[in-house]
Amino acid sequence: MSVVIGKRESIRTRAVQCAFIAAALLFLFFFLGIPLVSVFYEALHEGLRAYGSALVTADARSAIFLTLLVAGIAVPLNLVFGIAAAWLIARFDFHGKSLLLTLIDLPFSVSPVISGLIYVLIFGMQGLLGPWLFDHDIQIIFAVPGLVLATIFVTFPFVARELIPVMQQIGSEEEEAALLLGASGLQTFLRVTLPNIKWGLLYGVILCNARAMGEFGAVSVVSGHIRGKTNTMPLHVEILYNEYNFAAAFAMASVLTLLALATLVAKSLVEWKFADARGGSVRYVATMEKKIS
Amino acid sequence: MNIELKNISKNFGQFAALKSVNLKVDGGELVALLGPSGSGKTTLLRIIAGLETADAGSVLYNGEDSSTKSLRERRVGFVFQHYALFRHMTVFENIAFGLRVRPRAQRPSNAEIEDRVMKLLKLVQLENLSHRYPSQLSGGQRQRVALSRALAVEPSVLLLDEPFGALDAHVRKDLRRWLRKLHDEVHLTSVFVTHDQEEALEVADRVVVMNEGVIEQAGTPEEVYHHPNSPFVFRFLGDVNLFHSRMEDGKARLGPNGHLKEGSEESCVFVRPHLIDVKTQSDGSEHFAARVRHINAAGPNVKLELMTANGEAVDVTLTQEQYRALGIAKNDQVFATAREMKVFVEDYSI
Amino acid sequence: MLLKRNTVLPGFRLAGGFTVFYLSLIVLIPLGAMFVRASSLTWGSFWEIVTAPRVLASYKLSLGTAFAAASINAVFGFLVAWVLVRYPFPGKKLVDALVDLPFALPTAVAGISLTTLYAPKGWIGQFLEPLGLKVAFTPLGIVVALVFIGLPFVVRTVQPVLEEIEKESEEAAESLGATRWQTFRLVIFPCLVPSLLAGFAMAFARGLGEYGSVVFISGNMPMKTEITPLLIMTKLEQFDYPGATALGISMLAASFLMLLVINLLQWWSGKRLGRG
């Protein structure tokens, strides 16, 4: 700083700094630190054996499997959509572009309960298609397809929202160059576009996956809470907790927490990697995503 | 291959970027599209390449309409202003790209590709950098990689968008000379865009001066420099003094009393700074008297800034010898004569 | 869809077609179906449902707790962003990464964890109980859950703006004789206001719709600690589809309104930063 600061003032400044840092850390400690630690404490305080056995019950295993299945379907579908939407929005100028952007963002601003409700209103027994589905013996609500639909809805914008700013920032010159050099559209996409957006893509997938595995409200509406059948891990946590089986509930919760922590680590790694590849300008892109998630 | 543009027009929304442009580029010619930003020169280049489509008009390659041809069929070598190198590929892979993406039947073998790429790297003197990534290269090196990448596919036309725009002054000079040399060797029909008149005059066989979406003048560097056909071209190609004057008996009068008379025909007179003679004594034949306001003698020439009696600033360039012979100093009274001037009676509002 | 400008890049129809198809299938048609469903209600019965006393109580609770939580987050989120951008301290990168925990942690996990902590016998609850402060199963508990959920919003909107503020404008202010407080108040803070408000609005919007973390800590007593999303859930479980639809539409209207406000604030924030 070009302004000379007197000694007394610099001591005072340092004191103010320390007070601010302390206040901020104290706030984060109470609202993030303690809850985080308590999950593992509650999960483990009845011993490792209880912890382990809570995770291998048939219901627990089916919940884990179902969570993986749902995320395994929802994430790739949203990935394909994200690439298509980002290509469309970042590479072309067309009428209705900002409307499209707003619509893509929509699922972020809708309550999770409504995200589930809309599918119940269509596919539920009293829903618009309910009687027809019943006649044809197709079950969507209170079954896996409903869980997948609700999960796709709530994680809908992640990949697209991450890719759009990345692709806009990169620009289309490299793609034009590839086409001029004789590459086909597909070759251009696979050899030029994809390598350029891979970190942004990975970033979007990580966030999309975390939400897909952890979603509670939307899937809660469409699941019907049938044990061993339509319970994902977060729903299983709820059931165990409401049965006062706290240790088991927290054991399952701790697995989800580890997943969240792994997500944060992966996200940070990609952010750094990304910053290297893009000369540090990614922070803005990354935060854009956070703003809307 | 020759290129012919017929009545090319292009609008971006309300903005008319090109207004019915006609141009012919002969085979093997090196043409510069010269103009200020917004003059439509880059748009014209992108239309030639097929990166933009014209709203009206046609682009003919060897007399054949190109509008139905895909980019692949056009075989255009294009060098982007910021090079557009593939940032995740090495220099080698960048240059090899155009060969590798060919349909299998036409694709050269790996050995042939390697051979071709190394030859090009040699041509641009970058043999040692083939394994570097674009981010590890200097601006001038990137430029040369971009050029070899474009040449690797043996294009029939080479198009360059501000090829030296993003480079340091001294690198620019080298590359300019090098591009000229390269063109003399390969004789590829080439068009490049620039806003730098010195660059255009030095490198090109023919200079096309553009302004506000139209071609003002096209000709050899000598033609456009010595015989500009409009005030715009005159001003754009080098330093110039502009005098407001009036016509008397079909001749422009240049001088300090040159206030416009009511009803007299308006004209403007252009004089290049190095075409003004300066004397310390009046012999009655001079055009105007002025006072020396500033002298800059650093450099190969001496630049004088004169102020006429009615407050017009006039730039004069003298050789060091002329300056020393005159022996003038700041605030001295001098008398100036224009050796050559160009008069435009038309609208000169630029 | 119509292109405004021709381009050589391929895939406009393919990408456009797929995007519109997928968007319609997943988002537009289901949301539209809710309105179709609601159209079977008369205006009078719709109004009756969305203004029933129990519903009004839930609005008041949802709005009040979301507002309180967003306000707390505005203050502390600003502080955290400031400290993260301006001051060096050990473990800063870790803290920075941890701020996103509420985005990554499933809401149900947050819900049970906070409930256990703030229950009368919990780690934190046991100290608050003697002070007469009941948190779990009261509106205060809902605020705690919403503070957790909304914590990253303000931090992540203010942080990049704070990073972009040019050091020079601050130095200029100080060289012109401004005190540090004056510099903050007159130079720095005005730049941050739009992003701070945008972060507040996002935290508020998120709080309005939040379900997972709240259901555990709120106790879910009708008229007292029943938030609107929970009321929708209850109506669904009682197969009161018209009731759920009507409430869903009123919540959706609130979401649209917040989306509009947030977009305006972001536009304003972008304009302030000269990004237009």
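Of note, C:F256 does not satisfy the criterion of being assigned to a loop (DSSP other than H, G, I, E, B) and within 10 Å of chain A (Cβ to nearest Cβ). Looking across the range B:58-80, the residues that are part of a loop (DSSP other than H, G, I, E, B) and open to solvent by less than 70 Å² (accessible area, probe 1.4 Å) come down to B:G63, B:S66, B:K69, B:S70, B:F80.
For the range C:238-254, filtered to residues that are in contact with a helix residue (DSSP H, G or I) (Cβ under 6 Å, 6 or more places away or on another chain) and hydroxyl-bearing (S, T, Y), the residue that is least open to solvent (accessible area, probe 1.4 Å) is C:T245. The set of residues from the range B:141-160 being free of Cβ contacts under 8 Å to residues at least 60 places away in the same chain and open to solvent by 10 Å² or more (accessible area, probe 1.4 Å) comprises B:Q141, B:R142, B:R144. Of the residues making up the range B:98-136, those that are within 14 Å of chain A (Cβ to nearest Cβ), within 25 Å of B:E73 (Cα to Cα) and part of a loop (DSSP other than H, G, I, E, B) are B:V101, B:R102, B:P103, B:R107, B:P108.
Scanning the range B:88-107 finds one or more residues that are of a type in the set (D, E), open to solvent by 20 Å² or more (accessible area, probe 1.4 Å) and touching a Phe, Trp or Tyr at 6+ places or on another chain (Cβ under 9 Å). Residue count for the range C:52-77 under the criterion of being under 15 Å from the mean Cα position of the chain (by Cα) and open to solvent by less than 30 Å² (accessible area, probe 1.4 Å): the result is 8. Counting only helices (runs of 4 or more DSSP H) that fall entirely inside the range A:9-109 and contain at least 3 residues that are open to solvent by 20 Å² or more (accessible area, probe 1.4 Å) and under 28 Å from A:V154 (Cβ atoms), the qualifying elements are A:34-44, A:58-91, A:97-109. The strands (runs of 3 or more DSSP E) falling completely within the range B:1-56 that include 1 or more residues that are in the same structural domain as B:S156 (by TED's automatic domain parsing), loosely packed, with under 15 Cβ neighbours inside 10 Å and out of contact with any helix residue (DSSP H, G or I) (no Cβ under 7 Å at 6 or more places or on another chain) map to B:3-12, B:15-25.
Conditions (1) modelled with pLDDT of 90 or more; (2) more than 30 Å from C:P229 (Cα to Cα), marked per residue:
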{"residue": "A:S184", "(1), (2)": "yes, yes"}
{"residue": "A:Q187", "(1), (2)": "yes, yes"}
{"residue": "A:L190", "(1), (2)": "yes, yes"}
{"residue": "A:P195", "(1), (2)": "yes, yes"}
{"residue": "A:Y203", "(1), (2)": "yes, yes"}
{"residue": "A:G214", "(1), (2)": "yes, no"}
{"residue": "A:V237", "(1), (2)": "yes, no"}
{"residue": "A:F246", "(1), (2)": "yes, no"}
{"residue": "A:A277", "(1), (2)": "no, yes"}
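Restricting attention to the range B:161-170, the residues being closer than 23 Å to B:V240 by Cβ and open to solvent by less than 10 Å² (accessible area, probe 1.4 Å) number 0. Residues that are open to solvent by less than 10 Å² (accessible area, probe 1.4 Å) and not assigned by TED's automatic domain parsing to the domain that holds B:P273 number at least 2 in the following strands (runs of 3 or more DSSP E) confined to the range B:171-245: B:189-194, B:206-211. Comparison of C:L264, C:L197, C:L231 shows that the only residue that is more than 8 Å from every other protein chain (Cβ to nearest Cβ), buried (at least 24 other Cβ atoms within 10 Å of the Cβ), among the aliphatic types (A, V, I, L, M) and part of a helix (DSSP H, G or I) is C:L231.
Put simply, of B:L126, B:L99, B:L71, B:L120 the only residue that is assigned by TED's automatic domain parsing to the domain that holds B:A32 and touching a residue at least 40 places away in the same chain (Cβ under 8 Å) is B:L99. Taking the range B:109-128 as the range and being under 31 Å from the mean Cα position of the chain (by Cα) and surrounded by 16 or more Cβ atoms within 10 Å (Cβ to Cβ) as the test, the residues that pass are B:V117, B:L120, B:L121, B:L123, B:V124, B:L126. The single condition among (1) over 24 Å from A:G124 (Cβ atoms); (2) open to solvent by 10 Å² or more (accessible area, probe 1.4 Å); (3) at pLDDT below 90 that C:I188 does not meet is (2). Test A:V110 against the criterion of being at the interface with chain C (Cβ under 7 Å from one of its Cβ atoms) and within 21 Å of C:I29 (Cα to Cα), and give yes or no. Yes, satisfied. Scanning the range C:127-142 for residues that are buried (at least 21 other Cβ atoms within 10 Å of the Cβ) and either out of contact with any Ser or Thr (no Cβ under 8 Å at 6 or more places or on another chain) or closer than 19 Å to C:L79 by Cα (or both) returns a single hit, C:V135.
The values are calculated or read from the model by the stated rules, or taken from the named source; none is laboratory data. If you're wondering where the values come from, they're calculated on a predicted model, not measured in any experiment. As a convention, Cβ positions derive from the backbone with ideal geometry for all residues, glycine included, and neighbour counts pool all protein chains shown. Protein only, heavy atoms only, side chains kept; ligands, DNA and RNA dropped before computing areas. Shrake-Rupley method; radii C 1.70, N 1.55, O 1.52, S 1.80 Å.
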